[in-house]
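Engineer: Dropping a structure here in structure tokens format, bear with me for questions.
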Amino acid sequence: MFGHKVVFLNPVFGGHGEVFKQLVEDEYELYRIENYRDAKSVLREFKDSICFAHAEGNLEKRKMINFILSCSKDGSLSTTIFYLIASELSSKEKKVLEGAGSCYAGMITLNPRTAFMIQDIERNLEEKNAKGRRQFVRISCADDKQATALAELGERIYKFKMHDISIMGSACVVEGKFAAVFEKGTVIQNVNFALGGKTIAVSKVVVYGVFPAGADVKLVLLFSEALKGENKDFVHKYIVTSFENDVDAIIKTHPRDQEDYSKDFDKSADADEQ
């Protein structure tokens with residue numbers, strides 16, 4: 001239903017900036033892990049994620065292949081789906097990766113024509129139902145004290161506390177005494193959303209749902225059309241920054257992986273190759 005987090009491990013391949021920009025634009029829930037020694041801690045928190053692991057050169061490929069094999073044998077990580085981003089794989093490397101079973105889904109070939117890489121990555125994400133039923137990435141801003149909204153209805157202005165936001169809508173909390181004012185289907189002509197030091201003016205917002213939240217009520221607000229231009233870019237940047245902070249918080253509170261992934265492959269792989 002909620003799809004999969006999309007994680008890039010060692011995300012420094014040629015054209016990576018264009019790839020990430022397009023994935024964000026196309027509403028994938030994107031995360032990046034710079035150091036593979038932090039990866040297991042993050043992936044344990046991100047259950048059932050799809051991880052694109054980049055490796056170039058024989059030693060780096062060996063480390064990443066051994067890392068994927070290690071994850072496939074770890075019950076807390078074995079539902080992660082891995083793709084390896086590389087220029088090529090030897091028959092021996094392909095044989096070794098068979099040992100990862102369903103944990104390894106295939107290879108993404110590095111291509112100087114970035115558009116082809118993007119097509120390949122997105123095709124695989126669609127096959128794995130990465131978005132689930134969601135069409136837009138929604139980020140919580142409940143802990144952001146600045147994340148508020150002012151709604152103009154009738155001759156009054158009402159203040160909401162924003163709970164989350166996407167480029168297509170926002171969930172907000174309002175005092176329970178105003179529940180009757182914002183019934184399902186209510187059209188609000190103007191709402192100003194403030195978060196991250198910026199105000200986004202949205203015209204024509206519809207109350208899609210109303211839910212009790214203690215002494216308050218939560219309103220699910222849908223925009224008449226998706227945000228565009230600078231407003232869309234800002235919300236996407238806000239989402240990406242929040243995801244980066246999530247990864248950093250996990251890394252800071254967990255010890256680094258000390259396993260040796262540079263070891264040679266099992267001798268049976270050599271025998272099979274011969």
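Engineer: Which count do you get for residues in region 31-59 that are open to solvent by less than 20 Å² (accessible area, probe 1.4 Å) and closer than 30 Å to Asp233 by Cβ?
Structural biologist: 13
Engineer: Now a separate question. Hey, Val240 hits all of (1) free of Cβ contacts under 8 Å to residues at least 24 places away in the same chain; (2) in contact with a helix residue (DSSP H, G or I) (Cβ under 8 Å, 6 or more places away or on another chain); (3) among the aliphatic types (A, V, I, L, M) but one; which does it fall short on?
Structural biologist: Checking Val240 against (1) free of Cβ contacts under 8 Å to residues at least 24 places away in the same chain; (2) in contact with a helix residue (DSSP H, G or I) (Cβ under 8 Å, 6 or more places away or on another chain); (3) among the aliphatic types (A, V, I, L, M), the one that fails is (1).
Engineer: When you check Arg62 against the structure, is it open to solvent by 10 Å² or more (accessible area, probe 1.4 Å), touching a Leu at 6+ places or on another chain (Cβ under 7 Å), in a helix (DSSP H, G or I) and under 20 Å from Tyr104 (Cβ atoms), yes or no?
Structural biologist: Here the answer is no, as Arg62 does not meet what is asked.
Engineer: May I pose another question? Ala105 versus (1) under 30 Å from Ser166 (Cβ atoms); (2) open to solvent by less than 10 Å² (accessible area, probe 1.4 Å); (3) in a strand (DSSP E or B); (4) not hydroxyl-bearing (Ser, Thr, Tyr): which is the lone unmet condition?
Structural biologist: Among (1) under 30 Å from Ser166 (Cβ atoms); (2) open to solvent by less than 10 Å² (accessible area, probe 1.4 Å); (3) in a strand (DSSP E or B); (4) not hydroxyl-bearing (Ser, Thr, Tyr), the lone unmet condition for Ala105 is (2).
Engineer: Find all pairs meeting these conditions: Cβ atoms under 7 angstrom apart; at least six residues apart or on different chains; first residue within region 172-191 and aromatic (Phe, Trp, Tyr); second residue open to solvent by 50 Å² or more (accessible area, probe 1.4 Å).
Structural biologist: Going by the 7 Å Cβ cut-off, the qualifying pairs are Phe182/Val210.
Engineer: A further question follows. Report, by residue number, each residue of region 200-214 that is of a type in the set (Gly, Ala, Ser) and open to solvent by 50 Å² or more (accessible area, probe 1.4 Å).
Structural biologist: Ala201, Ser203, Gly214
Engineer: Select from region 203-236 the residues that are closer than 16 Å to Ser140 by Cβ and among the basic types (Lys, Arg) and list them in ascending order.
Structural biologist: Within region 203-236, Lys218 is the sole residue that qualifies.
Engineer: Which residue, of Asn129, Asn111, Asn124, is polar (S, T, N, Q), out of contact with any Leu (no Cβ under 6 Å at 6 or more places or on another chain), open to solvent by 20 Å² or more (accessible area, probe 1.4 Å) and closer than 22 Å to His4 by Cβ?
Structural biologist: Answer to the check: Asn129.
Engineer: If you don't mind, another one. Count, please, the residues in region 65-94 that happen to be open to solvent by less than 50 Å² (accessible area, probe 1.4 Å), of a type in the set (S, T, N, Q) and within 17 Å of Pro11 (Cβ to Cβ).
Structural biologist: Within region 65-94, residues that are open to solvent by less than 50 Å² (accessible area, probe 1.4 Å), of a type in the set (S, T, N, Q) and within 17 Å of Pro11 (Cβ to Cβ) number 1.
Engineer: Can you pull out every residue in region 153-171 that is closer than 14 Å to Tyr208 by Cβ and without any contact (Cβ under 8 Å) to a residue 40 or more places away in the chain?
Structural biologist: Asp164
Engineer: Take region 215-237 and flag every residue that is open to solvent by less than 80 Å² (accessible area, probe 1.4 Å), of a type in the set (Gly, Ala, Ser) and in contact with a helix residue (DSSP H, G or I) (Cβ under 8 Å, 6 or more places away or on another chain).
Structural biologist: Ala226
Engineer: Still on this model: Among the residues in region 65-74, are any outside any helix (DSSP H, G or I) and on the phi < 0 side of the Ramachandran plot?
Structural biologist: yes
Engineer: Against the conditions (1) under 21 Å from Leu153 (Cβ atoms); (2) in contact (Cβ under 8 Å) with a residue 24 or more places away in the chain; (3) among the polar types (S, T, N, Q), where does Ser224 fall short? Just the number, please.
Structural biologist: Unmet condition: (2).
Engineer: Could you go through region 51-58 and let me know if any residue there is closer than 18 Å to Ile250 by Cβ and either in a helix (DSSP H, G or I) or within 18 Å of the chain's Cα centre (by Cα) (or both).
Structural biologist: Yes, region 51-58 contains a residue that is closer than 18 Å to Ile250 by Cβ and either in a helix (DSSP H, G or I) or within 18 Å of the chain's Cα centre (by Cα) (or both).
Engineer: With among the acidic types (Asp, Glu), at negative phi and within 23 Å of the chain's Cα centre (by Cα) as the only criterion, which of Asp216, Asp144 stands out?
Structural biologist: That would be Asp144, the only listed residue that is among the acidic types (Asp, Glu), at negative phi and within 23 Å of the chain's Cα centre (by Cα).
Engineer: Consider Leu97 carefully, then state whether it is assigned to a loop (DSSP other than H, G, I, E, B) and either open to solvent by less than 20 Å² (accessible area, probe 1.4 Å) or at pLDDT below 95 (or both).
Structural biologist: no
The values are calculated or read from the model by the stated rules, or taken from the named source; none is laboratory data. Predicted, not measured: the structure shown is a model, and the values here were computed from it. Every residue, glycine among them, receives a Cβ derived from its backbone with ideal geometry; neighbour counts consider all protein chains shown. Side chains included, ligands, DNA and RNA excluded: accessible areas come from the protein's heavy atoms. Shrake-Rupley method; radii C 1.70, N 1.55, O 1.52, S 1.80 Å.
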